[in-house]
1. Modelled label-to-label distance, SER139 and GLN164, 7 Å Cα→beta-carbon offset: nm?
2. With the dipole of the chain worked out from charges on the C-beta (+1 for Lys and Arg, -1 for Asp and Glu) around the Cα centre, which of ILE107, TYR168, THR7 lies farthest toward the positive end?
3. With a 10 Å cut-off between alpha carbons and a GNM built on the chain, which of SER28, SER139, SER120 moves the most?
4. Rounded to the nearest Å, what's the spacing between the alpha carbon centres of the stretch 147-217 and the stretch 52-95? Just the number, please.
5. Please work out which option in (1) 21.0, 67; (2) 19.0, 59; (3) 19.9, 65 gives Rg and Dmax of the Cα atoms in Å calculated from these coordinates, and answer with its label.
6. Subtract the Cα-Cα distance of SER96 and GLU4 from 0.36 nm times their separation in residues, and report this length gain in nm to one decimal.
7. So, with a 1.4 angstrom probe, what is the percent of accessible area on the stretch 107-149 that is carbon and sulfur?
8. For HIS71, what accessible surface area do you get with a 1.4 Å probe? Give it in Å², rounded to 10.
Amino acid sequence: PRYELKTDGSPTAWPQLIGFIDTLAHSSDQAATLQRDVDLPALEKAIAADILFANLDSYINSGRNFYAYFHSKTGKLSWIIWDAGLSFGAYGGGVSTPENLNVTYLINAANRPLVGTVFSVPALANEYLETLCALHSSSFTTARMFPHIDSVAAFIRPHIAADQRKMYTNQQFETNISNDVTIGGSRKPGLKSFLTARAANVQAQLTALGISCVTDA
């Protein structure tokens with residue numbers, strides 16, 4: 001009941017989902033099962049992005065906001081992120097300092113068996129960490145992200161000023177581009193302050209794991 005069918009009338013969607021879950025749960029070689037039945041590079045990239053941006057309103061924490069699509073040609077499960085609007089640690093999910101989120105964070109590995117298996121199998125965990133490393137070094141940088149943040153802010157600024165039903169004030173919008181704001185007792189990390197601290201923390205974690213982030217995505 002926690003899943004919703006999006007392909008109307010599909011005769012294969014439910015059997016494929018149930019069959020995959022059953023196979024993974026009872027496989028004697030879960031790594032081989034995942035490599036055979038899942039588009040692992042796409043899954044690893046999606047989870048790495050969620051963890052880099054502390055997007056906790058997702059599979060890794062709340063268990064929401066994703067699609068599982070079984071590709072018609074390969075038969076493999078493809079992972080599709082949906083609704084990343086609470087990234088940058090905006091959804092707390094019980095994590096007080098999202099800037100320091102562990103690079104292999106899961107709220108509960110037993111209740112998140114798909115990624116829990118990836119993290120627990122050394123070969124798959126290494127593949128995932130290399131993917132995260134590549135994203136971190138090529139895209140998750142202040143040099144790349146700050147100009148993008150400024151560009152988006154400039155584009156939406158006049159529309160925010162004109163919005164009579166917005167949830168936050170104009171000043172909170174301006175402040176939150178660079179610094180934290182607290183609204184209703186909830187901390188909303190600043191986009192730029194979060195990125196600066198998060199990039200440094202991820203680099204420190206990867207260095208401690210002996211991983212050098214020099215790979216191009």
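1. About 4.0 nm, to one decimal.
2. In the chain, that residue is TYR168.
3. Most flexible of the set in this elastic network: SER28.
4. That distance is 19 Å.
5. It is the value labelled (2).
6. Value of the extension gain: 30.0 nm.
7. Here carbon and sulfur together make up 59 percent of the probe-accessible area.
8. Roll a 1.4 Å probe over it and HIS71 shows about 70 Å².
The values are calculated or read from the model by the stated rules, or taken from the named source; none is laboratory data. Everything quoted here is computed from the prediction, not taken from an experiment. Cβ coordinates were reconstructed from backbone atoms using ideal geometry, including for glycine residues, and neighbour counts include every protein chain displayed. Remember, those area values only see protein heavy atoms, side chains included, never the ligands or the DNA or RNA. Shrake-Rupley method; radii C 1.70, N 1.55, O 1.52, S 1.80 Å.
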